[in-house]
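Worksheet: the structure to be examined is printed underneath.
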Amino acid sequence: MKCEIRGDKSVAKTIIELTAQWDSAVGDCDAERMMENYLEDVEIYDVGSQLVGRENLKDLWRNCFPYFGESPEVYRRRVKLYASDSLAFLHFYSKVCGSNQASPEDQPWCRTTVCFHKPGDDWLVVHEHISMPIDFEKGAPALIFGQP
């Protein structure tokens, strides 16, 4: 993952490794593994919902896997990672595409922020926000294609 890093490079390396593990779990459609580094009461603001809790997020992903199809892959662009000794966050454009989509180029990008906290020995996702801009005149998402 190409990433602009600001702050502690060692912490950034750890966050990038955790993100790669998450991507691998997405590719395997393994919601249980995806949640390994999420706080029990993580708060998620998603394009279509808002939820609290690792179990609720796990259920959301289990419901999404059939939409993506086999071997979904995570794509990211313009990744920035800010890291300190106990707090790190990433923001980027992202999309998940699998065998049910014609091609990744035909899928819109989402805006994503993932916040990590290290309350003890382990880094945990404490908040995640995924959104699409809205075209208020049309009352519909302003889908982002190409190079955001």
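The values are calculated or read from the model by the stated rules, or taken from the named source; none is laboratory data. The structure presented is a predicted model; accordingly, all values stated were derived computationally and were not measured. No Cβ is skipped: glycine too gets one built from the backbone with ideal geometry, and neighbour counts run over all protein chains shown. When the accessible area is computed, the model is the full protein with side chains, heavy atoms only, and any ligands, DNA or RNA have been set aside. Shrake-Rupley method; radii C 1.70, N 1.55, O 1.52, S 1.80 Å.
With the checklist (1) of a type in the set (Gly, Ala, Ser); (2) assigned to a strand (DSSP E or B); (3) free of Cβ contacts under 8 Å to residues at least 60 places away in the same chain in hand, flag the one item Ala88 doesn't pass.
Result: Ala88 passes all but (3).
Looking at (1) open to solvent by 80 Å² or more (accessible area, probe 1.4 Å); (2) in a helix (DSSP H, G or I); (3) within 24 Å of Phe145 (Cβ to Cβ), can you tell me which one Cys64 breaks?
(1)
Applying the selection to the range 1-16, what residues are touching a Phe, Trp or Tyr at 6+ places or on another chain (Cβ under 6 Å) and more than 20 Å from Leu124 (Cβ to Cβ)?
Arg6
Can Gly27 be described as on the phi < 0 side of the Ramachandran plot, among the small types (Gly, Ala, Ser), open to solvent by less than 50 Å² (accessible area, probe 1.4 Å) and touching a strand residue (DSSP E or B) at 6+ places or on another chain (Cβ under 8 Å)? Reasoning before the result, please.
On the way: on the phi < 0 side of the Ramachandran plot: yes; among the small types (Gly, Ala, Ser): yes; open to solvent by less than 50 Å² (accessible area, probe 1.4 Å): yes; touching a strand residue (DSSP E or B) at 6+ places or on another chain (Cβ under 8 Å): yes.
Spelling it out, Gly27 is indeed on the phi < 0 side of the Ramachandran plot, among the small types (Gly, Ala, Ser), open to solvent by less than 50 Å² (accessible area, probe 1.4 Å) and touching a strand residue (DSSP E or B) at 6+ places or on another chain (Cβ under 8 Å).
One residue is enough: does the range 98-112 have a residue meeting the conditions touching a helix residue (DSSP H, G or I) at 6+ places or on another chain (Cβ under 9 Å), surrounded by 13 or more Cβ atoms within 10 Å (Cβ to Cβ) and part of a strand (DSSP E or B)?
Restricting attention to the range 98-112, the residues satisfying the condition of being touching a helix residue (DSSP H, G or I) at 6+ places or on another chain (Cβ under 9 Å) are 98-101.
Pick out the ones that are also surrounded by 13 or more Cβ atoms within 10 Å (Cβ to Cβ) and you get 98, 101.
Those still in the list that are part of a strand (DSSP E or B) too: none.
Among the residues of the range 98-112, not one is touching a helix residue (DSSP H, G or I) at 6+ places or on another chain (Cβ under 9 Å), surrounded by 13 or more Cβ atoms within 10 Å (Cβ to Cβ) and part of a strand (DSSP E or B), which makes the answer no.
What are the residue pairs meeting all of these: first residue in the range 50-68, first residue closer than 16 Å to Ser24 by Cα, second residue outside any helix (DSSP H, G or I) and open to solvent by 20 Å² or more (accessible area, probe 1.4 Å), Cβ atoms under 7 Å, and 6 or more apart or on different chains?
From residues that are closer than 16 Å to Ser24 by Cα, the pairs are Phe65/Cys29; Phe68/Val96; Phe68/Asn100.
Could you list, in sequence order, the residues of the range 46-104 that are farther than 18 Å from Glu4 by Cβ and among the charged types (D, E, K, R)?
Asp46, Arg54, Glu55, Lys58, Asp59, Arg62, Glu70, Glu73, Asp85, Lys95, listed by residue number.
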